[in-house]
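Can you read through this structure? Questions will come right after.
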Amino acid sequence: MTPARGGQNRMAAEGEIVVRGNIMDFTRTSGGQKILLALGVAAVVAVMGAVWMWGQQPDYRVLFSNFSDRDGGAIVAELEKMSIPYKYSEGGGAVLVPADRVHDARLKLASQGLPKGGNVGFELMENQKLGSSQFVERINFQRAMEGELARSIESVSSVQSARVHLAMPKDSVFVSEQKSPTASVLLNLHPGRVLDLQQISAIVHLVASSVPELPIKNVTVVDQHGNLLSESGKMASANGMDPSQIKYVQDLQQNVVKRIESIITPIVGPNNVRAEATADVDFSRSQQAVETYKPNQTPDAMVVRSQQTSESLDGNGKPGGVPGALTNQPPAPATAPIIAQDAVAPANGETSTNTRKDATVNYEVDKTIQYVQQGVGGLKRLSVAVVVNYKKSTDKDGKVVMTPLTAAETTQINNLVKEAMGFNAERGDSVNVVNTPFARAEQEILPDVPWWKQSENVEYIQMAKTAGKYLLMALLLLILYLRVLKPMLKKLSASMAPPPVSQNAQLQHADAGVLALPGQRNYQDNLARAQKMANEDPRVVANIVKTWVGSNE
C-alpha cells in the first residue's frame, strides 16, 4: 500500500508541475499576456468605479423619528413610490434619506397626512361599512373624538404624546337620569419638560370645550409618572387665584424690577444691581352705593320745597241775634275784613274771638348719591428691595479697589427707585436700598475646547471634510490612471499592434510574417507564399531555416 500511495503522490506532484508549467508557458505567450493585461485593466477600472461610487454616496439625514410601526410602514411605502432612497438608523428608531431631499420628502408626506402619530381621527368615519349598527357608529365617533383631541394636545411643545379617554353616557329622555360625560387625559412629556398651571388649564379647557356638556371639573389630566396635574389648577382656584391672575402678578413684579434695573444700571454699571419686587394685588370685585346728606350752609342758599298754611277762628261769648226764622238762615257775606285776635278788642266787653294760624315750610336738603365699582387687579401695596454693589475705583498703584457709595449717591439711587416703581406712601409702599459688596463667584476652569469642536468652526470643518473627500477621490483616481491603467493600456496596445517593418530588420520581418502565416491564412496560401519567397529571395529562406535549426524548433 505504501508504494502505491507514494506513486500516487508522485503522479499528483508531476501533474501539478505540469499544470504550473502550462500556466507559466501560457503566461509567457503573447496571447496569455494580452489576457492578463485585459484582466488587469478591468480590475483597475472596477476599482476606479468603486472609488467614484464611494465619492458620490449621499449624506443621509433624519427624516422622521419616534414614530409608530404603522406610520413607519406607511412612510416607507410612500418613499418607495417616490423613488427616494432611504435607510434606517442603528436602533431602527429613525428613517434616513439623502440630505438634499429631506424637506421635499417631508412636504410630500405631510400632504398625505404622514406621520399620523398613531392616533385615529375622523378619517375612521370615512370607512363606514354599509349596515353598521348605531352602537358601532357611536363607538367609532367616540374613537374619532379621542384621536382628534390627542392630536390637538400633542401640538403643545412640552407634550411628546397623548391619549384621551372619553366616557360619554347614552342620552336619556328622562331629565333625572341625565349624566354628564367625563374625560381622562394621559400625557407623555418630553424629558426635562414640565407643564405650568396655565398650560394645564388650557388643556383642560380644550377638552371640555370639544365635548358637548362636559364640565371642566370632570376632566382629569395625568402625566407619565402618575402625577395628577389637573388637581393643582383646582387648588389654585380654591385659593382665589387662577393661573391667569398668578401670571398677571408675576408680570407686574417683573416689569417693576426691569424698570428699576434699567434706570440704575447706567449709574453703577452692568451686573452691579439686583432688584426684587413683591406686589399685593386685589382681585376682588366690589360695588358700593353712598347717599350723603349735608345741611345748608347759609339761609340764602335754602330752597323752599313746599309750604302749607292753615288759619282758624274761634269766637266765645253769649248768644246773640234775633230769634225766629232768621236765625236758621245762613249768615250774609262779611263786609269787613277779618281782624286777628290780638287786634280785636271786645266792643262791649261781653264777647271774645280766638284765632289760630299754622304754617309748615319744607326746605330742600343737600343729598349726594355715589356708586363706586372697584376694578379687578387693583394694586394694594408694593414692596421693593434693591441691592447695589460697591463702586470700582483705582488707587495710585493701579489696583482695583471696591469703595462704598456716598450718602448723596445712595439718596439719589433711592429717589430714582421710588420714581421708577411709582412709590405711593398712602398705599403703604416700601423701598429698601442696600449698598454692599457682591460675593465673587468662583470661576470654574473649563478645559480648552479644541478648535475643531468649537461651534463656529464645525461648519467649516464639515465643508473641509467634504472637499477633502472629493479631493482624495480625484487624487486616487488620478494615481490609478497614471500609474496603473495607462501603463497597462500602453502595453496592451503595443502587444496588439503589429511590429514596425524597417529595411535593417528585413530578416525579423520575414520571420514574423512566416510565423504569422499559419494563424492568418490556410495551408495552400501559406505554401504558395513560401514558394514565392524562396524563388524571389532564397537567402532569406535559408536564414530562416538556419534560425529554426539553431533554436531546436
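The values are calculated or read from the model by the stated rules, or taken from the named source; none is laboratory data. Quick caveat: nothing in here was measured; it's all calculated off a predicted structure. Quick reminder, even Gly has a Cβ in these numbers, built from the backbone with ideal geometry, and neighbours come from all protein chains shown.
Search region 61-89 for residues being of a type outside the set (A, V, I, L, M, F, W, C) and more than 23 Å from SER161 (Cα to Cα), and hand back the single one that is nearest to the chain's Cα centre (by Cα).
ARG61
I would also like to ask the following. Select, from ALA464, ALA420, the only residue that is at pLDDT below 90, part of a helix (DSSP H, G or I) and surrounded by 10 or more Cβ atoms within 10 Å (Cβ to Cβ).
The match here is ALA464.
Take the residues in region 88-126 that are touching a helix residue (DSSP H, G or I) at 6+ places or on another chain (Cβ under 9 Å) and of a type in the set (S, T, N, Q); name whichever of them is modelled with the highest pLDDT.
Per the stated criteria, the residue is GLN112.
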